[in-house]
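The values are calculated or read from the model by the stated rules, or taken from the named source; none is laboratory data. Keep in mind the model is a prediction, meaning the values are calculated, not measured. Cβ atoms come from the backbone with ideal geometry, glycine included; neighbour counts cover every protein chain shown.
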Amino acid sequence: MTNRTDTEGGAMTLEKGLAAFVDAMLGKNRSAGTLRAYRTDILQFIRFLQENNVAITSVADVGKVDVLEYLAALARKGLTGVARARKVSALREYFRFLEGLGVIERSPAAGIDTPKREKHTRQYLRSDEYTKMLSLAGGNPRDYCILQVFLQTGIRVSELAHLTIEDVDLIKPAIKVRGKGNQEREIALEKRGVQALKNYLAVRPESFSDLLFLNYKGEPISERGVRKLVVKYRKNAGITKRASCHTLRHTFATYKAEKGVSPFQLQQWLGHANLNTTQIYVHLGKQNAKKIMEQTSLA
């Protein structure tokens, strides 16, 4: 098979292949976060090749051994199996796309095993821990509201940062969330979440933006800003475990599962595409329930 070439008449470079790949992903309506992750992972691979194998000048020059050497280098740097598995996934998508275009005959990522993912215990906060964080944030309506929305809905940090004022319905009451792949879902709000939102909206600064949460400049708060906020209250509360925005999501899911919420309802609330992902919390909830039963034994 003859390799397709770029517009300049030479073999397609890795960078041009990446640009074509990103354009194709945009056409498939992939989320901004997914596109950013793919682009970052593939660029890192390209930089590795440029630094370690000057003979590679086009996508057709990349072989399976190059991908394996890259993964070995990442392992030596201490990257987790989870992180390396994500990079393998990005490279598979990239080279599968190029193979489909006819630019290469066979993907160099084909047949490469996915690195094993380490088994980690999912961190979640005890009630005394998240209550301490809420107490510390009590004097700041915005910060308190952000923490409550995380704990009462289990949404992702990217979803929270992109909530608009119109997404909040205090009559139903519920919030509308746009998740991965721009899939929309609605999550009911309970009393504490409603009150926190009312208190924040009453003091929310005027802004040209319709995004719900603003920073001290009156501009939309970034995902990074939200993460820093959560870490600040975690540290101030004296919590030593590495609690993050995602920990608050795990906390929501774990407690709901422990209280007997069905996997299907949890899946809808969390916006999981696969029920197997949700089942993790169901199993964890059962384990926690058994532990609580043992700790509160009347014997």
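Could you tell me whether any residue of region 64-78 is within 19 Å of the chain's Cα centre (by Cα), within 19 Å of T13 (Cα to Cα) and aliphatic (A, V, I, L, M)?
Checking region 64-78: not a single residue is within 19 Å of the chain's Cα centre (by Cα), within 19 Å of T13 (Cα to Cα) and aliphatic (A, V, I, L, M).
Counting only residues that are surrounded by fewer than 21 Cβ atoms within 10 Å (Cβ to Cβ) and outside any loop (DSSP other than H, G, I, E, B), how many does region 91-110 have? Explain how you work it out, then say what you get.
Initially, region 91-110 is screened for residues surrounded by fewer than 21 Cβ atoms within 10 Å (Cβ to Cβ), giving 92-93, 96-97, 99-102, 105-106, 110.
If we keep only those that are outside any loop (DSSP other than H, G, I, E, B) as well, we get 92-93, 96-97, 99-101.
Residues in region 91-110 being surrounded by fewer than 21 Cβ atoms within 10 Å (Cβ to Cβ) and outside any loop (DSSP other than H, G, I, E, B): 7 in total.
Checking H283, H246 one by one, the residue that is surrounded by fewer than 20 Cβ atoms within 10 Å (Cβ to Cβ) and either at pLDDT 85 or above or part of a loop (DSSP other than H, G, I, E, B) (or both) is H246 and no other. When region 211-239 is filtered for residues that are in a loop (DSSP other than H, G, I, E, B) and touching a residue at least 40 places away in the same chain (Cβ under 8 Å), the ones remaining, listed by number, are L212, F213, I221, S222, A237, G238, I239.
Going by the conditions given, is R178 in contact with a helix residue (DSSP H, G or I) (Cβ under 9 Å, 6 or more places away or on another chain) and in contact (Cβ under 8 Å) with a residue 40 or more places away in the chain? I'd like the intermediate steps shown before the answer.
On the way: in contact with a helix residue (DSSP H, G or I) (Cβ under 9 Å, 6 or more places away or on another chain): yes; in contact (Cβ under 8 Å) with a residue 40 or more places away in the chain: no.
The answer is no for R178.
F208 satisfies every condition listed in (1) assigned to a helix (DSSP H, G or I); (2) out of contact with any strand residue (DSSP E or B) (no Cβ under 8 Å at 6 or more places or on another chain) except (1).
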